[in-house]
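Working notes for the structure below.
The values are calculated or read from the model by the stated rules, or taken from the named source; none is laboratory data. As the structure is a computational prediction, the values presented were derived from the model and not from experiment. Reconstructed Cβ throughout: ideal geometry from the backbone, glycine too, with neighbour counts over all protein chains shown. These area figures cover heavy atoms from the full protein model, side chains too; ligands, DNA and RNA do not enter into them. Shrake-Rupley method; radii C 1.70, N 1.55, O 1.52, S 1.80 Å.
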Amino acid sequence: MSASVKELVSKMTLEEKAMLVVGAGKARRVPGAAGETRGIERLGIPSIVTADGPQGVRIEGDGKPYPATAFPSAIVLASTWNPEVVEKVGKAMGEEAKEYGVDILLAPGMNIHRNPLCGRIFEYYSEDPILTGEIASAFVKGVQSQGVGACLKHFAANNQETNRRLVDTIVSERALREIYLRGFEIAVKKAKPWAVMSAYNKLNGKYCSENEWLLTKVLREGWGFDGLVMTDWGAGENPVEQMKAGNDLLMPGNDDQVKAIIEAVKKGELSEEVLDRNVENILKVIVKTLAFKGYKYSNKPDLEAHAKVAYEAAAEGIVLLKNKDSTLPLGKETKIAVFGTGQIETLRGGLGSGWTHPKYTVSILEGFKEKGLKVDSELAEKYEKYVEEMRSREEYKPKRPGVPLPPPPQDFLSEEEVEKYAERNDVAVVVVSRLSGEGWDLKPVKGGFYLSDDEKSLLEKVSKAFHKYGKKIVVILNIGLPIEVASWRDLVDAILLIWQPGQEVGRVAADALIGLINPSGKLPTTFPRDYEDVPSWSFPGEPPDNPVKVVYYEDIYVGYRYYDTFGVEPAYPFGHGLSYTEFEYSDLRVEVSADSIKVKFKVKNVGKYPGKEVAQVYVSPPRGEIPKPLQELKGFHKTRLLQPGEAEEIEVEIPLRLLASYSCGKWLVEAGKYEVRVGASSRDIRLRTEFTLEKSLSYEP
Ligand code: GLC
C-alpha cells in the first residue's frame, strides 16, 4: 500500500470501511484458525488471520489439527520469573504462527488471579501486576520479533468464567489502576503489542468492548497504545457503541454488524470520523503483517527446535513446594512405585480456546521410563489397565477425542496391594491432577479446590504403608491452579508442583525428580490454607446461582496484599519455591536518586547443587494518608546458574513512580520512611533496609 493510511481511508467507500472493522466470521485462508478480517482487493488490503493461544498455536482446520508445540501454560511461564526464557517461548510461538500463516497470535492471556477457582488461571500469569506485566512484556517481545502481532487479553477485569459474557464487574478505580490494569499498562509501554482484546464482561456498568473510558481514555490517551483493539469472540451487544468506544474490530464478525454500522453512519448516529479512526488503527497494523508483506509461509514450523524451548521453560517453571529431609532428588537407581492415573493421563495444559495439538505429549510414566527410572512395572501395568478399563465405561468415556476428562476414582488399590508395593520399592510417587479450562470455574468442594475423598484416601493409604517401612512419599501436582494442600501435606515428604508444563511434561518431571533439573520456579500466586481465607469471597458474584454482578469488595487487597496485610497465614506464600541447594543473601544497599531507587545485594550458592535463585524485592511504604498493603513486589531478578560457592552481584532499579498509590485521580508517592525487603519469597525476607523520601511526589495517570 503506497499511499499513506489516511489517503487510503479517503479512497474507501462507507461499505468498505464497515467491512474492514468487522471480521469475516471465520478464517478462510487458514481454515481452523480463530478468525480473519475481510480484505479489500481493490485497494490491496489483505485479510489478516488471528489464531489462539497462550499455550501454543491452535489451528483445527480441514478436520485435522495442524501440529504445533504445546508450550508450558502461562502460569508456568510466570513461575519461571525469568523474562529471558519467556521471551524465547514467545519467539518460538511466533515462529510457529508465522509458518502457519497467522498474522496475530491471540496471546498473552494476562488477567489477575483474583480467586483460585477461576477456570482460566492456568492461562494467566499471577496475582501480582508487576510480575504479570514483566512476563507479558517478555512474551510479546518474543512473538513480535517474528513479525507476528501479539494481543493482550482480556482487557479488563475478566477474572472469572462464570457468566463471563454478561457479568458486571464493579471495581474501584484505584483497584483497577493498581491491580487489574497495571500489568496491561506495563506491557503496552514496554512491549508495544499490536493488539489488545477487550473482555466479555461489563466494567462498572458498561461492556468492556463498549467502554470508552477503558479503551480510549485509559488505553490510548493514557498509555499511548497505538495498535488495534478487537472484541473477544461475540462480545458485547451494540456494534455502534463498540465503534464509538474505540473497539476498532468486531470479531469473529457477522454481516448484521456491517449493516448496523453502515446504517448508523447514514442516520448520523455514528460519525464517519470515528469510523475512519478505527479503520486507520486497523490499517496501521495490517501494513505491518506478514500477509501484507506477502510472506510465503511453509506450513512446516521447526517443532523439533521448539520442543527444546518448551522443555527449558518448563524446567524453569516447576516449583518445589516441600522437600522434607532432602527427600529429593532421588538417586537414579531408586525403585519407584508410581500411583495416580495422572501418570498416564498427564495434563500438558488447560482446556478451551487455548487448547493445543502437539505431535505428542510425554506422560509422566513415559518420561520416567524414557529416562531409565526404576519404575515398578507391575504397578504401572495395573494403572494402564485401570485407565483403559475406566475410559471404556460410558460414564468416563471421552466425549471429544483428544480432550481430557477429570480423573476417574483414584483409590482402587487395596491396602494389601499398596503394602506389597511399599515393601518392594524405595519411594512412592503420587500424581495428583486437576483439570480446568475456559468457560467454567471450579468450586470450593471436594474434587475442586479440595482433594476428593478417593484422592485423599489414596494418599493416606500410600503414606501409611510407605512410612511403615520408613520410606518416603513424593507428590507431583499436575494442576492448572492452586488447590488445598494444608490438610494433607504432612502425609507426604516432598511436593513437586509441575503445573501443566506442556508436551515435554513427563521428561521434565523425571529430570526434576532425579536432579537433572534443580527446581528454580517460585509461586506467582498464593496457595491459601483454606478457601475460607480467600479475600475475594464475592466470587463469582450475585445472585450466587446466576451472577449478573460481581463486586470486588476486597479492592486492592488481592493475594499476598491481603494475606500479608491482615495477618492470614497461607499454605504456601506468593514467591515461595525451594531448591536442591541453598542461597545466602548479603550486602544490601539502596541508592536513592531523583526518579528511582537502586537496590543492590549479593546472592551466593552455599549448597551442594548448581542452581538459580529468584530474588524478590518488596517495599513496605510509610503508613501515610492512603491505606496501603503491608508490602508489594516492586522488582525481582533471577540469577544465572550459580555453581556451589558462586555468587552474583544483583542490582534492581525501581522507578519511584512504581511506589505510588492511586488516589483521587493521581499517582501519589507519600513522603516518609520506606522499608526495602529482599527475600526468597514474600514471607522469607532475608535482608532489610530503609530509605526516607523527604517530600511526596505526584504523577498524572
Ligand atoms: C474465546 C476466548 C479468547 C479467544 C477467542 C478466540 O472466547 O475468550 O481468549 O482468543 O475466544 O478463540
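Numbers for the structure displayed
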{"quantity": "Dipole magnitude of the chain, debye to nearest 20 (Cβ charges: Lys/Arg +1, Asp/Glu -1, about Cα centre)", "calculated": "1100 debye"}
{"quantity": "Dipole of the chain [Lys/Arg +1, Asp/Glu -1 at C-beta], most positive-end residue of TYR469, GLY119, MET390", "calculated": "GLY119"}
{"quantity": "Rounded if a/c under 1.5, otherwise prolate or oblate - segment 28-129, Cα gyration tensor axes", "calculated": "prolate"}
{"quantity": "Net +/- balance of residues flanking ARG164 in space, Cβ distance below 14 Å, scoring K and R +1, D and E -1", "calculated": "0"}
{"quantity": "Net length gained if the chain between ASP595 and SER145 were fully extended (0.36 nm per residue, minus Cα distance)", "calculated": "159.0 nm"}
{"quantity": "Alpha-carbon centroids, segment 313-355 and segment 85-131: separation in whole Å", "calculated": "22 Å"}
{"quantity": "Degrees separating the helix 415-424 axis from the principal Cα axis of the chain, which is the longest one", "calculated": "80 degrees"}
{"quantity": "Ranking by accessible area, most exposed first, for HIS467, HIS306 with a 1.4 Å probe", "calculated": "HIS467, HIS306"}
{"quantity": "Separation in nanometres of the label points that stand 7 Å from Cα toward Cβ, at LYS332 and ASN238", "calculated": "6.8 nm"}
{"quantity": "Long-range HN-HN contacts of LEU228 with modeled amide H, under 5 Å", "calculated": "ALA195, VAL196"}
{"quantity": "Table column - 3J(HN,Hα) (Hz), segment 578-584, Karplus curve with 6.51, -1.76, 1.60, x for Gly and Pro", "calculated": "8, 9, 7, 10, 10, 10, 10"}
{"quantity": "Lys pairs, segment 546-652 - Cα-Cα below 14 angstrom, 8 or more residues apart or on other chains", "calculated": "8"}
{"quantity": "Probe 1.4 Å, all protein chains present, accessible-area order of HIS637, HIS154, largest first", "calculated": "HIS637, HIS154"}
{"quantity": "Signed unit charges on C-beta, dipole axis of the chain, positive-most listed residue PRO406, GLY331, ALA310", "calculated": "ALA310"}
{"quantity": "Compactness of segment 64-104 - radius of gyration and Dmax, Cα, Å", "calculated": "11.5, 35"}
{"quantity": "Residues with amide H under 5 Å from that of LYS322, placed H, sequence gap 5 or more", "calculated": "ILE495"}
{"quantity": "Whichever lysines have a C-alpha closer than 16 Å to that of LYS468, once near sequence neighbours (fewer than 8 apart) are set aside", "calculated": "LYS420"}
{"quantity": "Tensor-based shape of segment 12-293 (alpha-carbon gyration tensor, a/c under 1.5 rounded, otherwise prolate or oblate)", "calculated": "oblate"}
{"quantity": "3J(HN,Hα) from dihedral phi, segment 212-229, Karplus parametrisation 6.51/-1.76/1.60, rounded to Hz, x for glycine, proline", "calculated": "5, 4, 6, 7, 10, 5, 7, 5, 8, 5, x, 9, x, 4, 10, x, 10, 9"}
{"quantity": "Amide H contacts under 5 Å for PHE583, placed H, 5+ residues apart", "calculated": "VAL606"}
{"quantity": "Cβ-based charge dipole, the chain, positive-most Cα from ASN546, ALA660, THR69", "calculated": "THR69"}
{"quantity": "Computed helical MRE - 222 nm, the chain, DSSP H runs ≥ 4 contributing -39500 (n - 2.57), nearest 500", "calculated": "-7500 deg cm²/dmol"}
{"quantity": "Two-site label geometry, LYS324 and LYS284: point separation in nm, points 7 Å out along Cα→Cβ", "calculated": "5.9 nm"}
{"quantity": "On Cα atoms only, tilt of 377-392 relative to the major axis of the chain in degrees", "calculated": "40 degrees"}
{"quantity": "Dipole magnitude (debye, nearest 20) for segment 342-399, charges at Cβ of Lys, Arg, Asp, Glu", "calculated": "260 debye"}
{"quantity": "Student exercise, segment 314-521 dipole from Lys, Arg, Asp, Glu Cβ charges, in Debye to nearest 20", "calculated": "300 debye"}
{"quantity": "Apportionment of accessible area to carbon and sulfur, the chain, percent (1.4 Å)", "calculated": "51 percent"}
{"quantity": "Residue-normalised accessible area of the chain, given per residue in Å² at a 1.4 Å probe", "calculated": "35 Å²"}
{"quantity": "Rounded tilt (10° steps) of 255-266 against the dominant C-alpha axis of the chain", "calculated": "40 degrees"}
{"quantity": "³J(HN,Hα), Karplus 6.51/-1.76/1.60, whole Hz, each residue of segment 304-311, x for Gly, Pro", "calculated": "5, 5, 6, 4, 5, 5, 5, 5"}
